[in-house]
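Right, one structure below, let's go through it.
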């Protein structure tokens, strides 16, 4: 019962969350209606909006607001383990994303049936990749929210990812093939949110950059999923450890 209440509280903690979901559905519908994209093109659109930008919108201030207002002292009381609050809030976000993406897929299939134009090739694979990316980004954003004030966790993640992408491309162009470039690419492949990995996975190029399991004759698509889940768990463990060790004040900042 407590798990259900915590997951529900994640959805109802801010009134604008409803607006975010409806706005994203409108974007999907308008994009399909106006451009009639091919399956991979629309999938890439959902991958960015649903897999990356949606978790930033839904997780903004997920802990930072409670810590800043002092409400966290009401939510986290003995013998309540703080990690439980983290886990069920993240699960609440993941469940929202699953329902959101399923409805988005249904919306597109409905438009496709009515308009009889475009195609929905590999749409399910793109939706799965978007959900996996959502979970990874939501875990990282939620962990940042434990020590970043208010709703700045989402803004910080957005700036770091965008700036990191351009810096990485610039360094790779300047340095060419050398040890530093190899180390940078290893970090991007194994520790950075799996944008490249999941995009290749959904596009059918599978997982040459998946960690470990791809070397043991397991299908590379499974390796991509496992790698993404491993990153989600790693980011979550980091946030749980920080949340469990922090001391909170009832005073509003």
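Residue by residue, here is whether (1) at pLDDT 70 or above; (2) touching a helix residue (DSSP H, G or I) at 6+ places or on another chain (Cβ under 7 Å) holds:
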site: 161; (1), (2): yes, no
site: 171; (1), (2): yes, yes
site: 181; (1), (2): no, yes
site: 198; (1), (2): yes, yes
site: 205; (1), (2): yes, no
site: 212; (1), (2): no, no
site: 224; (1), (2): yes, yes
site: 229; (1), (2): yes, no
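Residue 234: surrounded by fewer than 17 Cβ atoms within 10 Å (Cβ to Cβ), modelled with pLDDT of 75 or more and touching a helix residue (DSSP H, G or I) at 6+ places or on another chain (Cβ under 9 Å), yes or no? In short, yes.
Matching residues to (1) touching a strand residue (DSSP E or B) at 6+ places or on another chain (Cβ under 8 Å); (2) surrounded by fewer than 21 Cβ atoms within 10 Å (Cβ to Cβ); (3) not in a loop (DSSP other than H, G, I, E, B):
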position: 43; (1), (2), (3): no, no, yes
position: 68; (1), (2), (3): no, yes, yes
position: 74; (1), (2), (3): no, yes, yes
position: 84; (1), (2), (3): no, yes, yes
position: 90; (1), (2), (3): no, no, yes
position: 99; (1), (2), (3): no, yes, yes
position: 118; (1), (2), (3): no, yes, no
position: 137; (1), (2), (3): no, no, yes
position: 146; (1), (2), (3): no, no, yes
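Within the range 183-196, the set of residues being closer than 15 Å to residue 160 by Cβ, part of a helix (DSSP H, G or I) and modelled with pLDDT of 85 or more comprises 195 only.
The values are calculated or read from the model by the stated rules, or taken from the named source; none is laboratory data. On a predicted model such as this, the values are computed, not experimentally measured, just so you know. Backbone-built Cβ (ideal geometry, glycine too); neighbour counts: all protein chains shown.
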